[in-house]
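Bear in mind these aren't lab numbers, they're just calculated from the coordinates by the rules spelled out. Because the structure is a prediction, the values reported are computed rather than measured. Heads up, the Cβs are rebuilt from the backbone with ideal geometry, glycines too, and the neighbour counts pull from every protein chain shown.
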Amino acid sequence: MKLNLVSWLVSVGLASAAVIGRDAGNNEDYPKNWAVTLFNSFDTIDVFGPIDVLFYLSMSKHLNLNFVAETMNPMWMRPSSPALNKFGSQFMASINPTHTYSEPPKDIDVLLVPGGLGMRNETITKSAVDFIRKAYPNVKYLLTICTGSGVAAKAGVLDGKRATTNKAAWNETTKMGPEVKWVSPARWTEDGNVWTSSGVTAGLDLIFEFIDKKYSKELSQTLQNRVEYERVKDACADPFAAVHKVPPTGDCRA
């Protein structure tokens, strides 16, 4: 029996919409316009983890998603230098930006900043840092995933704020923001309109916590069930601080 792929995708999409759409809610005062800051050598899960959840969220809430980069050229997941690709692996993926830093989307509600190997390269991230510095005063929320907090820290927008980052990259990332109140252990932090998460998959815990508070807990739980993700609900549940020997500092709770 042959299966029509298009028909299957449509049926799955309609089924998902039916399930998730049960909690559309009446509150229209929620973040609608999302933008992702892109640079070469980004980490894919830092980006696609959260936006996959947002994709399902968009079946019950009106959302707009844009990708912003220095140019309209594809942004690549790849080693940021030949030294990091000593085996010559051809293992890459890319995202096509929708906007440039010089002509970003209007009315950004949530600006998401991923991490990745590129964040260690000043040449790669300089334009992203400049964009974040300029955009931050006009966004409602800033979310960083993994070492994306280092990019935001270099922009100065985390100064005086509680923030965390990937514990495996703790020392090099925290040096990028000497005026930041770096917190360990912490799976994620929330300080005003700034949310930061620890390494890679912690971005999923952060995004569900954000949906809890800015959309609804019932909708958040529906989405968790849909993607079959068992989230960490305690911001202090961070075993990787001990694994990477990062000493306690700051307060993991808001």
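Counting only residues at least eight positions apart within a chain, or on another chain, the lysines with an alpha carbon under 19 Å from that of Lys126 are Lys134, Lys154, Lys175. For the stretch 183-195, the Karplus equation 6.51 cos²θ - 1.76 cosθ + 1.60, evaluated at θ = phi - 60°, returns couplings of 10, 8, x, 6, 6, 7, 9, 9, 9, x, 9, 10, 10 Hz by residue, with Gly and Pro reported as x. For the stretch 122-210, the residue among Val200, Ala169, Leu158 whose Cα projects farthest onto the positive side of the dipole built from Cβ charges is Leu158. Highest mean packing first, where packing is the average number of other Cβ atoms within 10 Å per residue, the peptides 150-162, 29-41, 207-219 line up as 150-162, 29-41, 207-219. How much net charge surrounds Phe208 when only the other residues with a Cβ under 9 Å from the Cβ of Phe208 are counted, with Lys and Arg +1 and Asp and Glu -1? In short, -1. Counting only other residues whose beta carbon sits under 14 Å from that of Val227, what net charge do I get with K and R as +1, D and E as -1? Net of charged neighbours comes to -2. The packing ranking, built from the mean of other Cβ atoms within 10 Å per residue, places the peptides 187-197, 135-145, 220-230 in the order 187-197, 135-145, 220-230, highest first. Could you please report the charge total around Gly160, scoring K, R as +1 and D, E as -1 over all other residues with beta-carbon less than 11 angstrom from its beta-carbon? Local net charge: 0.
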